[in-house]
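Right, one structure below, let's go through it.
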Amino acid sequence: MSGEAYRVQENTGNPAHPSIEDVITLALDRAADPRPPTHQESHFDEYVRDAVEHAGEAAVKQAIRLSLTEGLTHRMAGREAFGGDDYVHGINVGVAATAYLRELNGDHPADP
């Protein structure tokens with residue numbers, strides 16, 4: 001993270017921003033029903049799906065919360081949520097969650 005807080009309600013206090021729960025819900029929905037492989041951002045859905053299959057939804061939720069609201073790097077959130085040997089899931093989930101947050105904030109279209 002660049003020192004600037006992610007634009008979720010928990011960080012900004014702005015009800016116009018999505019909540020961390022909105023980001024988590026979208027991430028888990030996309031993991032359960034990924035976009036087609038031809039979609040330019042389908043890899044994010046696969047990142048989260050792989051993490052859910054590996055460690056379960058609770059670890060994915062924890063990694064997203066730690067990254068987006070607690071200020072941990074994706075790697076450190078991954079170590080905390082998935083364990084030292086599996087921190088790469090935290091990096092992947094954090095990157096995906098950041099993309100989902102941008103989408104929810106309207107920073108880029110969901111389907112180009």
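The values are calculated or read from the model by the stated rules, or taken from the named source; none is laboratory data. Only a predicted model underlies this, so the values are computations on that prediction, with no experimental measurement involved. Heads up, the Cβs are rebuilt from the backbone with ideal geometry, glycines too, and the neighbour counts pull from every protein chain shown. Quick note on the areas: whole protein, heavy atoms, side chains included, nothing else; ligands and nucleic acids left out. Shrake-Rupley method; radii C 1.70, N 1.55, O 1.52, S 1.80 Å.
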Working only within segment 20-36, note down all residues that are outside any helix (DSSP H, G or I) and in contact with a Ser or Thr (Cβ under 9 Å, 6 or more places away or on another chain). Pro34, Arg35, Pro36
Taking segment 41-78 and keeping residues among the β-branched types (Val, Ile, Thr) and assigned to a helix (DSSP H, G or I) leaves Val48, Val52, Val60, Ile64
Could you list all residues from segment 85-107 that are within 14 Å of Ala51 (Cα to Cα) and without any contact (Cβ under 8 Å) to a residue 60 or more places away in the chain? Asp85, Asp86, Tyr87, Val88, His89, Gly90, Ile91, Asn92, Gly94, Val95
Select from segment 8-24 the residues that are surrounded by fewer than 15 Cβ atoms within 10 Å (Cβ to Cβ), farther than 10 Å from Arg65 by Cα and not polar (S, T, N, Q) and list them in ascending order. Gly13, Pro15, Ala16
Tell me, please, whether a residue that is among the hydrophobic types (A, V, I, L, M, F, W, C), farther than 16 Å from Tyr6 by Cα and in contact with a Gly (Cβ under 8 Å, 6 or more places away or on another chain) can be found in segment 32-45. no
Residues within segment 36-48 that are over 15 Å from Gly78 (Cα atoms) and in contact (Cβ under 8 Å) with a residue 12 or more places away in the chain, tallied: 6
Identify, by number, the condition in (1) open to solvent by 30 Å² or more (accessible area, probe 1.4 Å); (2) within 13 Å of the chain's Cα centre (by Cα) that Ile64 doesn't meet. (1)
Quick check: anything in segment 23-42 under 22 Å from Glu80 (Cα atoms) and among the acidic types (Asp, Glu)? no
